[in-house]
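One structure is given here, and the rest of the page talks about it.
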Amino acid sequence: MAKAIHSMIRVLDEKRSVDFYESAFGLTSIERLEFDAFALIYMSNDETSFELELTVNKGRTDPYDLGDGYGHIAFCVEDLDAEHARLEAAGYGPRKIVEFNRDGHLFARFFFVQDPDGYQIEVLQRHGRFH
């Protein structure tokens with residue numbers, strides 16, 4: 001069916017956040033991806049393949065508050081188009097499928113759907129690091 005793969009939070013200070021999650025929960029940085037406007041740091045441990053994704057928005061100086069610090073939970077699926085159609089038919093109103101490229105190659109193909117409480121859920125095609 002679907003497998004939970006990561007949850008994302010926005011952070012102001014990369015080093016401070018990485019140090020905290022290493023110290024508090026034994027997570028280690030397993031991959032860091034640099035983009036023009038932001039950086040993604042994926043953290044995990046040997047207990048699970050589930051990851052915490054730290055997003056550092058470059059140039060941001062104001063602290064996030066709970067209503068401003070957007071985050072999501074993510075699931076990956078074998079057939080993104082079929083899952084999109086299934087959720088559409090169920091009346092959940094998934095947003096359009098997006099393809100996100102990095103260095104001229106497909107990085108992620110995904111869409112978002114909102115749960116009854118308004119939380120955003122990312123559904124990704126199993127591909128690359130998302131499997």
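The values are calculated or read from the model by the stated rules, or taken from the named source; none is laboratory data. Since we're looking at a predicted model, the values are computed, not measured. Counting neighbours? That spans all protein chains shown, and the Cβs are built from the backbone with ideal geometry, glycine included. The accessibility values were calculated without ligands, DNA or RNA, using every heavy atom of the protein model including side chains. Shrake-Rupley method; radii C 1.70, N 1.55, O 1.52, S 1.80 Å.
Below, the figures for the structure above:
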{"read-out": "Residue within region 71-94 that is open to solvent by 70 Å² or more (accessible area, probe 1.4 Å), touching a residue at least 40 places away in the same chain (Cβ under 8 Å), closer than 30 Å to K15 by Cα and not hydrophobic (A, V, I, L, M, F, W, C) present", "value": "no"}
{"read-out": "Count - residues of region 28-60 that are under 20 Å from F75 (Cα atoms), free of Cβ contacts under 8 Å to residues at least 40 places away in the same chain and open to solvent by less than 50 Å² (accessible area, probe 1.4 Å)", "value": "5"}
{"read-out": "Any chance V18 is surrounded by 16 or more Cβ atoms within 10 Å (Cβ to Cβ), of a type in the set (V, I, T) and either touching a residue at least 60 places away in the same chain (Cβ under 8 Å) or in a strand (DSSP E or B) (or both)", "value": "no"}
{"read-out": "Meets criteria (out of contact with any Phe, Trp or Tyr (no Cβ under 7 Å at 6 or more places or on another chain), free of Cβ contacts under 8 Å to residues at least 40 places away in the same chain, open to solvent by less than 70 Å² (accessible area, probe 1.4 Å) and not charged (D, E, K, R)) for A24", "value": "yes"}
{"read-out": "Tally of residues being within 22 Å of S49 (Cα to Cα) and either surrounded by 13 or more Cβ atoms within 10 Å (Cβ to Cβ) or free of Cβ contacts under 8 Å to residues at least 40 places away in the same chain (or both) across region 107-131", "value": "17"}
{"read-out": "Selection from region 1-13 of residues that are free of Cβ contacts under 8 Å to residues at least 60 places away in the same chain and open to solvent by less than 50 Å² (accessible area, probe 1.4 Å)", "value": "V11"}
{"read-out": "Within region 46-76, considering residues that are among the hydroxyl-bearing types (S, T, Y) and under 21 Å from R109 (Cα atoms), the one modelled with the lowest pLDDT", "value": "Y70"}
{"read-out": "Whichever residue in region 77-131 is polar (S, T, N, Q) and within 21 Å of Y42 (Cβ to Cβ) and, among such residues, is modelled with the highest pLDDT", "value": "Q125"}
